[in-house]
1. What are the lysines whose alpha-carbon lies under 18 Å from the alpha-carbon of Lys33, with same-chain residues fewer than 8 places away excluded?
2. What full-extension length gain, to one decimal in nm, is calculated for Ala85 and Ala313 as 0.36 nm per residue of separation minus the Cα-Cα distance?
3. Ratio of alpha-carbon Rg to the 2.2 N^0.38 Å globular estimate for the chain, to two decimals, please.
4. I need the calculated FRET efficiency for the pair Glu71 and Asn4, taking r as the beta carbon distance and R₀ as 41 Å, to the nearest 0.05.
5. Please list the non-local residues whose amide H lies under 5 Å from the amide H of Val175, H modeled 1.01 Å from N, same-chain partners needing a gap of 5 or more.
6. Quick one: putting +1 on the C-beta of Lys and Arg, -1 on the C-beta of Asp and Glu, what dipole do you get for the chain around its Cα centre, in Debye to the nearest 20?
7. If I stretch the segment between Gln147 and Lys16 completely, what's the gain in nm (0.36 nm per residue apart, minus their alpha carbon distance), one decimal?
8. Could you tell me what percent of the accessible area of the range 1-127 is made up of carbon and sulfur, with a 1.4 Å probe and every protein chain present?
Amino acid sequence: MNKNILNATINAILSKGKGILAADETPSNIGKKFEVLHIENTAENRRRYREMLFAAPGIETYISGVIMQDETINQFNSHGQEFSAALKEKGVLSGIKVDLGVAPFNDDSIETITKGLEGLGERLDRYKEHHATFAKWRAVIHIDPSQGKPTTEAIRANVEALAKYALICQQHDIVPIVEPEVLMDGVHSLDVSHQVTSTVLSTLFDALNQKGVYLEGILLKPNMVIAGLMCPDQPTPERVAQKTLDCFKNTVSSDVPGIVFLSGGQRDDLAIKHLALMNQTTDLPWVLSFSYGRALQRKALTTWKGQDANVPAAQEAFIEQARLNSLATLGQL
Ligand code: 13P
């Protein structure tokens with residue numbers, strides 16, 4: 001493990017006013033989004049969509065890193081250049097999703113365990129040849145108190161896998177983005193979200209410490225503490241910001257240099273507002289930024305609609321979302 005390499009990558013990702021574009025939807029996941037817009041889900045259309053995003057003029061002003069998945073990191077732009085090489089020329093780092101998705105946990109219908117540890121080291125070596133400097137692994141935690149979910153066992157198994165993944169990445173000089181996502185699906189209250197997220201994060205840090213993961217060399221990608229989407233009692237943005245920071249202050253080591261949030265299905269404007277409000281708090285030990293998928297891409301995708309003629313307008317929509325999120329990292333609304 002070369003700590004200097006890890007630290008340099010993290011410093012570049014956490015450059016002031018910048019965040020990460022998560023564009024690592026699997027072909028089947030992006031296909032669901034394409035279907036709504038009647039875009040055929042082919043490798044070529046997925047490539048065209050990603051080129052629209054990555055080639056957006058000025059992307060490097062607001063975006064320090066892009067997360068891709070296996071298909072995309074092997075694809076080329078229309079000038080015959082690998083996406084990762086073209087991004088590198090603009091000073092944008094390439095990241096790679098290395099988990100292989102989720103499988104049922106203990107034959108449970110809701111709870112899952114994330115797969116992908118087997119052969120991970122060799123895959124990382126291959127991705128390094130495509131300029132990857134950081135990676136992502138997403139663990140998924142479901143809340144359903146009426147069914148006793150999440151179970152301690154599912155939390156523990158998922159954070160153990162996250163810790164193993166993080167150590168393997170660091171041994172290959174790749175910065176691991178550690179993503180324990182507590183889903184916002186359900187009717188649960190803000191307090192339940194706070195309690196579950198706190199339990200998940202403290203169990204995660206126990207596992208990271210136990211495995212000897214270098215905490216200064218990871219980025220944490222958590223959910224914000226938010227009430228379930230179907231909860232009738234929706235908190236104000238101020239309350240979400242306060243509960244989220246309260247949770248992290250009690251669970252996240254101050255050795256961690258940065259927290260890059262997922263948007264998790266929040267409305268675009270709320271993802272911006274919550275991040276801005278949190279960044280108005282002074283004396284936090286971590287940089288707080290974004291690693292958004294939906295909250296950065298929603299408008300761009302619906303503007304693009306698969307049509308070349310819409311590329312400039314779609315790029316403009318994407319850059320505007322990136323700009324607003326960049327302002328949010330500076331505490332500005
Ligand atoms: P969302 O911002 O859409 O939640 O996506 C972020 C991500 O990378 C999920 O793994």
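1. Lys299, Lys305
2. Details: separation 228, 0.36 × 228 = 82.08 nm, distance 2.47 nm.
79.6 nm is the gain from fully extending Ala85 to Ala313.
3. Numbers: Rg = 18.7 Å, N = 333, 2.2 N^0.38 = 20.0 Å.
Here the Cα radius of gyration is 0.93 times the empirical estimate.
4. For R0 = 41 Å, the calculated efficiency reads 0.85.
5. Phe134, Ala135
6. On the way: 33 positive and 39 negative charges, 122 e Å.
For this selection, approximately 580 debye.
7. On the way: separation 131, 0.36 × 131 = 47.16 nm, distance 4.29 nm.
Working it through step by step, the gained length comes to 42.9 nm.
8. Working: 2950 of 5790 Å².
On the range 1-127, the fraction of accessible area on carbon and sulfur atoms equals 51 percent.
The values are calculated or read from the model by the stated rules, or taken from the named source; none is laboratory data. Just so it is clear, the structure is predicted and the values come from calculations on it, not from any experiment. FYI the Cβ positions are ideal-geometry reconstructions off the backbone, even for glycines, and counts take in every protein chain you see. Protein only, heavy atoms only, side chains kept; ligands, DNA and RNA dropped before computing areas. Shrake-Rupley method; radii C 1.70, N 1.55, O 1.52, S 1.80 Å.
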